[in-house]
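Structure, as structure tokens:
Taken together, the values in this text are just the output of simple stated rules run on the coordinates, not laboratory data. These numbers come from a predicted model, not from an experiment. Every residue, glycine among them, receives a Cβ derived from its backbone with ideal geometry; neighbour counts consider all protein chains shown.
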Amino acid sequence: MDHRFQINLRGVIDLLSHHLYSSPGVYVRELLQNATDAIRARQQLEPSHEGSVRVELIEKQDGGLPTLLFSDDGIGLTEEEIHRFLATIGESSKREALAERRNDFIGQFGIGLLSCFMVCDELLVVTRSAKGDGRTMEWRGRHDGTYSVRPSEHPLERPGTQVFLVARANAAEYFTAERVRQLALHYGGLLPFPILLTVGGSTERINTEGAPWRRRYASASERRAALLAYGREVFGADFLDCIPLKSPAGDVEGVAFVLPFSPHYNAKQKHRVYLKNMLLSESAENLLPDWAFFVKCVVNANELRPTASRESFYENETLAKARTSMGQALRRYLVDLSKEDPRALQRLIALHGLSVKALALDDDDFYRLVIPWLPFETTMGMMTLAEYRRAHGTVRYVSTLDDFRQVARVAAAQGLCVVNSAYTYDTDLIEKLPHVFSDAQVEPFSSAELPQSFEELGLDEREALFPLLKVAEQALQPFGCDVTVKKFRPKEVPTLYSSDAEGAFRRDAERAREESDDLYGAMMDNVLASAPGSERPLLTFNYLNPVVKKLSGVTDRELMKLSVEMLYVQALLLGHRPLSAKEMALLNQGLLGLIAARLDGGGEDSGRGGMH
């Protein structure tokens, strides 16, 4: 035997108020939406019908709770429609029409009227249908789930609907003149039908101006100023610029505002969106591409599908196409900016660089446009890729901050310009360069390549340094490090430690092996065994450095060995390389050894040719 579901109206109202709608104030939106849809439905019968919505606040002289009256001259309801649509949750008077003309109406779910029970205990609907027998009917619904229908004792002169709400005591704040006016303007400010508010016998039209992007302006500058003023009013910020948005998919139109600050690149901007000129949400997040976090927008959509709460759009193919179209509008704006005002583009890139870089990676045409303008940190200061390529040809880069720190000072002194691509998207942007520009050349750079650019020593100089080289080779053999002596700048740097990427990986793995337990250590042994071969790291002594020259003349081999070990450790630290346990012990022993040597009178005072 089949049974019908039973609906607990109190539970449904609690669900609406606490989980579906953002606040009880949305009852104004739902009543405006119903009135607007009713007017549109009547216009299908009578195309010349203009329509209007009237809102009247009736305050009791005895200080009792106020009543709010919503009136429209729309299509109205017949008695059969009252039973079918007002008393059936989930049934919408627009549903049959939606099959053919879905986009003529805002409401689609048949639950909007229930939002009124968040602010009142009883709802009275008086209605006369434009397609019925001319009778005026009354529907009285109560929050306990009961309702009654009867002919009205006060017939309406014309088709339309009146909705009476008597404020509940704990919701009286939503029935003040200022609050009702604010809510009606907030939700219905862009509606094409007049919204007339009457309070104390005085009537005013609330929605006087409509959407600012639809108005006519005397000039482009006047339009821009008006849109920026609108953005300031809506979002409370002074934006850098405004960008028109339009999409045939979803019939979307509006304006995007360029933020005057740089948000986090993972931030999702919250946008104000209207559905058929009724405010849908102030916090819609799925309207623009993810990379467009540098703008906030206000748009109206006529053909996008709302969610049940009518506070965001349903994810479907139409929304995806609209999102793509609006992304293309943002692209065109940046393209036009590069041609008409390059300095403005540079300022925007400086402020919203991450967003621009993300877009460039996603779009080859946009990449060609902006890559010459993007600034990069190099060993010779900040410069754009266009400036780099003009001066140096092949673009050399390092992809980690530690690698850049290791090579920056020495590379700059040798006249080598190397890009620091450690920042978000930079490596991908550089590696994309030859795929977009056939004449471009890029190559990764490592500290292992630096010694190749250093000046070689003469024969006499090599002979003078031979004892130092022999001592250094023996001292650093336990650390798997080769030794050489060359001339390089800056002369203040006594040594340079360099290794390729495989060598750096092996060094890190060996250090991890030292610090791990037996189980993890065995795993690291397997990693090391399977690691690709690499060149041995190299410690390059700088013959131009005064300390190195003095060290070559030291006759005390123990003191020379101790000094070499300390210079090795110093080179590791200057290269931002963590010390292994063995190197840490070497540092401690070396410090103590140098202190002891000095205390014993080692150095020049002992007549052994020590260092100063």
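Could you state the per residue volume, in Å³, of the convex hull enclosing the Cα atoms of the range 256-336? Intermediate results must be reported in sequence, preceding the final value.
Details: hull volume 7.8 nm³, N = 81.
It is 97 Å³ per residue.
Summing Lys and Arg as +1 and Asp and Glu as -1 over all other residues whose Cβ lies under 12 Å from the Cβ of A571 gives a net charge of -1.
Taking the Cα centre of the range 374-445 as origin, work out the dipole magnitude from +1 charges on Lys and Arg Cβ and -1 charges on Asp and Glu Cβ, in debye rounded to 20. Don't jump to the answer; show the numbers that get you there.
Numbers: 6 positive and 9 negative charges, 44 e Å.
With Lys and Arg at +1 and Asp and Glu at -1, about 220 debye.
Estimated from the Cβ-Cβ distance and a Förster radius of 56 angstrom, the FRET efficiency linking H186 and T384 is about 0.80. Converting phi to 3J(HN,Hα) with the Karplus coefficients 6.51, -1.76 and 1.60 and the offset θ = phi - 60°, the range 468-473 yields 5, 4, 5, 5, 5, 4 Hz in sequence order, with x at every glycine or proline. The HN-Hα couplings worked out from phi for the range 549-559 by the Karplus form 6.51 cos²θ - 1.76 cosθ + 1.60 (θ = phi - 60°) are 4, 5, 4, 5, x, 6, 8, 7, 5, 5, 5 Hz, whole numbers, x standing for Gly and Pro. Simple rule: put +1 on each Lys or Arg Cβ and -1 on each Asp or Glu Cβ in the range 275-323, find the dipole, and look at A292, N277, T318; the Cα lying farthest toward the positive end is N277.
What GluC sites (Glu not before Pro) does the range 185-294 have in DSSP loop regions with at most 11 other beta carbons within 10 Å? Could you put the intermediate results ahead of the total?
Numbers: sites: E204, E209, E222, E233, E253, E282, E285; in loops: E209, E285.
Listed in order of number, the matching sites are E209.
Excluding same-chain residues fewer than 8 positions from K276, which lysines have a Cα within less than 23 Å of its Cα? Of all the lysines, those that pass the test against K276 - Cα under 23 Å, at least 8 places apart if same chain - are K94, K246, K296, K321.
Fewest-first ordering of D363, D600 by other beta carbons within 10 Å of each residue's beta carbon gives D600, D363. Shape summary: the range 256-295 maps onto an equivalent ellipsoid whose semi-axes, from the alpha-carbon gyration tensor, are 21, 10, 8 Å in decreasing order.
Would you mind ranking Y217, Y367 so that the residue whose beta carbon has the fewest other beta carbons within 10 Å leads the list?
Details: Y217 13, Y367 20.
So the ranking, lowest neighbour count to highest, is Y217, Y367.
Put simply, the Cα atoms of the range 282-396 extend 59, 28, 22 Å along their principal axes, the longest span coming first. With K and R counted +1 and D and E -1, the other residues having a Cβ less than 15 Å from that of D364 yield a net charge of -1.
Could you tell me how many cubic angstrom of Cα convex hull volume the range 365-409 has per residue? Display every interim value, and only then the final one.
On the way: hull volume 3.8 nm³, N = 45.
Per-residue hull volume (Cα only) is 84 Å³.
Between E492 and D600, what FRET efficiency comes out of the Förster formula 1/(1 + (r/R0)^6) with R0 = 30 Å and r the beta carbon distance, rounded to 0.05? Could the numbers behind the result be given before it?
Details: r = 29 Å, r/R0 = 0.96.
That gives a FRET efficiency of 0.55.
Here the dipole of the range 112-187 is about 220 debye; that uses its Cα centre as origin and unit charges on the Cβ of Lys and Arg (positive) and Asp and Glu (negative).
Going by how many other Cβ atoms sit within 10 Å of their own, how do D62, D362 line up, fewest first? The partial results should precede the final answer.
Numbers: D62 4, D362 14.
Going from least to most buried by this count: D62, D362.
Put a plus charge on the Cβ of each Lys and Arg, a minus charge on the Cβ of each Asp and Glu, and nothing anywhere else: the dipole of the range 539-601 about its Cα centre is then about 160 debye. For the range 412-473, just list the percent of Cα-Cα distances falling in each 5 Å bin from zero outward, please. In whole percents, the pair-distance histogram is 3, 12, 15, 15, 15, 11, 7, 6, 8, 6, 1.
With the convex hull drawn over the C-alpha atoms of the range 374-445, the volume per residue is 75 Å³.
In the range 212-343, what % of DSSP beta bridges are antiparallel (nearest 5)? Don't skip to the answer; put the middle values down first.
Numbers: 19 of 23 bridges.
Of all bridge pairs located within the range 212-343, approximately 85 percent are antiparallel.
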